[in-house]
Amino acid sequence: MGTHTPGRGLGTRRLGAAQIVFFVVAAAGPLYAIAGGVSATYAVTGSVGVPLSFVLLAPVLALFGVGYAAMSRYITNAGAFYPYVAHGIGRSAGTAVAYVTVLAYSSIQTGVFGLFGLSVSTWLNTTFGTDLPWWPIALLMVLVVGAGGVLRIDLNAKVLGVALGLEVAVLVVLNAAMFSHPAGSALTPLEPSSLFTAGVGAVFAFSIAVFLGFEGAATYGEESRDPRKTVGRATYIAIGLTAVLYIASSLGMAVATGPDHIVERAAAEGPGLLFGLGGRYFGTAFADTAYVLFLTSQCAALLSLHNAVARYFFALGREGLLPDGVSRTSKRTGAPIGGSLVQTTIGLVVVSVFALAGRDPFTDLFTWTGVTASTGVTIIMVAVSLSVIGFFRRRPGRKTWWRRAGAPALAAVTLTAILVLIVVNFDVLLGPAGSIPWLRWGLPGLLVLAGLAGFLRAEALRTRRPEVYAAIGGPLREDELVETR
């Protein structure tokens, strides 16, 4: 595995809370999440109560953020989640979570490459009459994102900040127009009877997938100027911003089309529904501009996800949990060049396999990887919530009961319920492929295998290299421990 070097770190501390927000919200990709994810949720689940699912999910994620932020004062590690679990539950459990995290985030990034390739191919065909397949575009984008992953982190943040600002501006304008031209009541999608039907499990599963990305703030802790404050602050801001955008936009779409017609329209038009409404209100120029921003939204999400996964690989290599080469950093920028190259290679391989197999980039690549990722992230959040309780149980009096136990316990219970709903409705989430047994059970099974592989790797280190095992999760912040005694 190479030389274990726990002290090796990333580049200069350049990031503030606002810049971390750019990364984590850009990973969620608000415009593509709403145009693609929300439309798909309406279409696949047949539920009008999608806006209410976001209203209910936001407080659950905020509960998760309470314990997550409290523990972030003690842990500054590019590995984000798994050091929390390592210090809260145990090192072997932390390594299991680390492997699940790498699989989950790698999955969603490779899926977005498929969506991007299809989106650009469609745009080129509509605008210029070309017939370029999706996969050359996707492969080119893998290389472009890989190149961006080795640049200075604050330069990436500036690019993402501009892209995110434009996305939010478009959504604000569209929401104002949709609510100004109602075709039905705004109260209907918010009524419990609209959500709590036979398809409620699938709605929550899709909705938590749309939120994916907010939880990655801790990944940038080693590069933030004040990790004791910025990680928690960025997490709360990201949850609040995405919740407002998703609630307003999903409700606006239902109001503008009419609650009785939103499911039918979403199924027929897909992502085009949002841009079609924009064209109706502001003309084709606005709709075309919004679609271009839909493409740049995917670019921003790809870059943000790539940065997060590269830092995970870096942390795992640094602690001896993966080959040491993946922890190599750029001497010029401090970026995790080893992890970036690994993630780029994964993207090239996965896109190539789906292209050679003739699989659809949206219904197959994007959907399969997306539901795998959302399942994995839900598992991780449950584990982190339990870890917060374990961590502060051994350090009583350092936080209020609410922050050290109350909020994390509620988060663990509600997120576990959501996880059960996801697994039960996994066949619905896969669409037509849900009837294929090896796929319906194989994709969640991959997460189980990843966790098992991580656990066994840690147990092997416990026996063969106890000094490496003892360092899993990295050190706690000694200054914070002293201050709170």
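The values are calculated or read from the model by the stated rules, or taken from the named source; none is laboratory data. What you are looking at is a predicted structure, and each value in this text was computed from that prediction instead of being measured. Glycine gets a Cβ as well: all are built from the backbone with ideal geometry, and neighbour counts include every protein chain shown. Surface accessibility is based on the protein's heavy atoms, side chains included, excluding ligands, DNA and RNA. Shrake-Rupley method; radii C 1.70, N 1.55, O 1.52, S 1.80 Å.
Scanning the stretch 327-343 for residues that are within 23 Å of the chain's Cα centre (by Cα) and open to solvent by 20 Å² or more (accessible area, probe 1.4 Å) returns 337, 341, 342. Residues of the stretch 401-444 that are free of Cβ contacts under 8 Å to residues at least 60 places away in the same chain, under 30 Å from residue 72 (Cα atoms) and of a type in the set (Gly, Ala, Ser): 405, 406, 409, 412, 417.
For the stretch 185-204, the candidate set comprises residues that are assigned to a helix (DSSP H, G or I) and among the hydroxyl-bearing types (Ser, Thr, Tyr); within that set, the residue that is farthest from residue 246 (Cα to Cα) is 193.
Among the residues of the stretch 313-326, those identified as open to solvent by 20 Å² or more (accessible area, probe 1.4 Å) and not in a helix (DSSP H, G or I) are 322, 323.
Residues of the stretch 349-371 that are among the hydrophobic types (A, V, I, L, M, F, W, C) and either within 16 Å of the chain's Cα centre (by Cα) or crowded, with 17+ Cβ neighbours inside 10 Å (or both): 350, 351, 354, 355, 362, 365, 366, 368, 371. Could you tell me how many of the residues in the stretch 88-113 are assigned to a helix (DSSP H, G or I), of a type outside the set (A, V, I, L, M, F, W, C), open to solvent by 10 Å² or more (accessible area, probe 1.4 Å) and modelled with pLDDT of 95 or more? Final tally of qualifying residues: 2.
The C-beta contact set for the stretch 18-46 (first residue more than 19 Å from residue 367 (Cβ to Cβ) and in a helix (DSSP H, G or I), second residue open to solvent by 10 Å² or more (accessible area, probe 1.4 Å) and acidic (Asp, Glu), distance under 7 angstrom, 6+ apart or interchain) comprises 19/154.
Quick grid of which residues meet (1) hydrophobic (A, V, I, L, M, F, W, C); (2) closer than 30 Å to residue 429 by Cα:
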| site | (1), (2) |
| --- | --- |
| 296 | no, yes |
| 300 | yes, yes |
| 351 | yes, yes |
| 359 | no, yes |
| 396 | no, no |
| 400 | no, no |
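When the stretch 200-215 is filtered for residues that are within 13 Å of residue 49 (Cα to Cα) and open to solvent by less than 10 Å² (accessible area, probe 1.4 Å), the ones remaining, listed by number, are 201, 202, 203, 207. Residue-level analysis places residue 66 among those that are assigned to a helix (DSSP H, G or I), open to solvent by 10 Å² or more (accessible area, probe 1.4 Å), in contact (Cβ under 8 Å) with a residue 40 or more places away in the chain and touching a helix residue (DSSP H, G or I) at 6+ places or on another chain (Cβ under 7 Å). Quick check, is residue 54 touching an Asp or Glu at 6+ places or on another chain (Cβ under 9 Å), assigned to a helix (DSSP H, G or I) and of a type in the set (Phe, Trp, Tyr)? Taking the combined requirement at face value, the residue does not satisfy it. Kindly indicate whether any position in the stretch 173-191 is at pLDDT 95 or above, of a type in the set (A, V, I, L, M), more than 25 Å from the chain's Cα centre (by Cα) and open to solvent by less than 40 Å² (accessible area, probe 1.4 Å). Looking for residues that are at pLDDT 95 or above, of a type in the set (A, V, I, L, M), more than 25 Å from the chain's Cα centre (by Cα) and open to solvent by less than 40 Å² (accessible area, probe 1.4 Å), one finds at least one in the stretch 173-191, hence yes. Of all residues in the stretch 441-450, those satisfying the criterion of being open to solvent by 80 Å² or more (accessible area, probe 1.4 Å) and of a type outside the set (Val, Ile, Thr) are 441, 446, 449.
Considering the stretch 255-302, the residues that are hydroxyl-bearing (Ser, Thr, Tyr) and closer than 19 Å to residue 119 by Cβ include one that is most open to solvent (accessible area, probe 1.4 Å), namely 284. For the stretch 434-467, what are the residues that are closer than 20 Å to residue 376 by Cβ and in contact with a Lys or Arg (Cβ under 8 Å, 6 or more places away or on another chain)? Once the filter is applied, which keeps residues that are closer than 20 Å to residue 376 by Cβ and in contact with a Lys or Arg (Cβ under 8 Å, 6 or more places away or on another chain), the stretch 434-467 yields 434, 458.
Restricting to the stretch 400-440, count the residues that are open to solvent by 30 Å² or more (accessible area, probe 1.4 Å) and farther than 21 Å from residue 360 by Cβ. The qualifying residues number 16.
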